[in-house]
Amino acid sequence: MDKENHLQLIIVWINILNVIQSIIDNLDQSIRRWWTKPDITEQQRLCFGAFSTIFAYMKNNNHEKLYDYIGMLLEQFEYLYALVGNKLEKRSRRTSLPAELRLAATLYYLRNGGSIKMCASVFRIGTSTMYSIVPEVCRALYETLRPIYIPLPGAIEWRIIANGFKDKWNFPNCLGAVDGRHFSIETPPNSGSFFLITKNFPAWF
């Protein structure tokens, strides 16, 4: 093998080694440093998480504050949990979050707003976990409560509704009404009182 071919072979091997090294570096970066971050372990959640501390205290001692926290009384929360608890149970090889915690965290988020990240921090839950919990719980609530509180009318119910609109408002073949909201506007020139509503300011629906 002459010197030129030998040099080309060395260059090829160097390129191969560089590719292998870059693959190893990428793998090292993608490997998680820990399965669960130190500040959201189960021990941390039990000691400092809102569900085990603040929520538990209010549940046992201060029902009025509980309403401010999750937007419902204790009896309502327990009733809701009895309805949806089974749908919120997770079956996994790893220890999963209790269904009651998942419900409480979602209700806290819906009641108080704020960011998912802040809510996850309060309950000592991973942010990505909290992002998945909220839609899952909301879906379970919708699927459970809709048939109870918003049942889809059948043919007889639709007929009763239509007759009500016809008898009371003289609107035949009407099945519902859409509410509106007034928005303050700057009236167009020469519009007179066309845009003036009873609240005495110019507006449009």
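All of the numbers you see were taken from the coordinates with simple rules; none came from a lab. The model shown is predicted, which means the values in this text are computed figures rather than measured ones. Neighbour counts are summed over all protein chains in view; Cβ atoms, including those assigned to glycine, are modelled from backbone coordinates with ideal geometry.
Shown in residue order for the stretch 61-69 are the 3J(HN,Hα) couplings computed by the Karplus curve 6.51 cos²θ - 1.76 cosθ + 1.60 at θ = phi - 60°: 10, 9, 5, 5, 5, 4, 4, 5, 7 Hz (x for Gly and Pro). Remark on Ala50: its backbone amide H falls under 5 Å from those of Phe123, Arg124, a criterion applied only to residues 5 or more positions apart or on other chains, H modelled at 1.01 Å from N. The distance between label points at Glu100 and Tyr67 comes to 2.2 nm (points 7 Å beyond Cα on the Cα→Cβ vector).
Among residues other than Phe77 with Cβ under 12 Å from its Cβ, the summed charge is -1 (Lys and Arg +1, Asp and Glu -1).
Residue-wise HN-Hα couplings along the stretch 150-157, as the Karplus relation 6.51 cos²θ - 1.76 cosθ + 1.60 with θ = phi - 60° gives them from phi, are 10, x, 6, x, x, 4, 5, 4 Hz; Gly and Pro carry x.
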